[in-house]
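What follows is one structure encoded as structure tokens, with my remarks underneath.
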Amino acid sequence: MATPSSTAAPAPFGWCHWHQGPSGTAVMVDIVEQNSGPGAALYACAPCRDQRGLTPVAQQAHEAAYRDYLIHTTDCAGCSRLGRCDVGGRLRDIYQKALDAA
């Protein structure tokens with residue numbers, strides 16, 4: 001009889017939009033924005049990312065800058081709807097520059 005400690009956990013399942021097949025290494029590499037309706041997320045497996053030079057969204061400069069900006073403004077008493085502290089303003093500028101370069 002199989003016990004929980006003797007059975008292997010199933011591999012994570014994902015879909016690669018580049019080779020159009022299942023993958024255990026697929027991560028989000030792009031977000032398709034739409035004016036109306038829901039957007040779409042595109043995923044790529046490790047081999048397709050390597051072959052095509054795709055960067056996971058979590059590692060893209062504008063995503064990392066936005067995450068830093070959100071974390072700061074959430075915890076900062078000097079940042080509000082009316083304005084940002086000096087650090088919050090600099091983080092917002094970094095995010096805008098990274099977004100323009102993307």
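The values are calculated or read from the model by the stated rules, or taken from the named source; none is laboratory data. Just so it is clear, the structure is predicted and the values come from calculations on it, not from any experiment. Using ideal geometry, Cβ is built from the backbone for each residue, glycine included, and neighbour counts are taken over all protein chains shown. The protein model used for the area step is the full one, side chains on, heavy atoms only, and it has no ligands, DNA or RNA in it. Shrake-Rupley method; radii C 1.70, N 1.55, O 1.52, S 1.80 Å.
Observations on the model:
- Top-ranked residue of segment 1-50 - restricted to ones that are open to solvent by 90 Å² or more (accessible area, probe 1.4 Å) and of a type in the set (D, E, K, R), ranked as modelled with the lowest pLDDT: Glu33
- Among residues of segment 79-100 being open to solvent by less than 50 Å² (accessible area, probe 1.4 Å) and more than 30 Å from Ala46 (Cβ to Cβ), the one that is nearest to the chain's Cα centre (by Cα) is Leu91.
- Checking each residue in segment 16-66 for being more than 18 Å from Tyr95 (Cβ to Cβ) and part of a helix (DSSP H, G or I) picks out Ala46, Pro47, Cys48, Arg49, Asp50, Gln51, Arg52.
- In segment 46-69, the residues that are under 20 Å from Ser23 (Cβ atoms) form Cβ pairs under 7 Å with partners that are hydroxyl-bearing (Ser, Thr, Tyr), at six or more places apart or across chains, as follows: Ala46/Thr25.
- Close contacts from segment 5-20, counting a first residue that is within 16 Å of Ala46 (Cβ to Cβ) and among the charged types (D, E, K, R) and a second that is modelled with pLDDT of 75 or more and not in a loop (DSSP other than H, G, I, E, B), with Cβ to Cβ under 7 Å and a gap of 6+ residues or different chains, come to none at all.
- Residue, farthest from His72 (Cα to Cα), within segment 83-102, restricted to residues that are assigned to a helix (DSSP H, G or I), small (Gly, Ala, Ser) and modelled with pLDDT under 85: Ala101
- For segment 51-78, filtered to residues that are open to solvent by 90 Å² or more (accessible area, probe 1.4 Å) and of a type in the set (A, V, I, L, M), the residue that is farthest from Asp30 (Cα to Cα) is Ala77.
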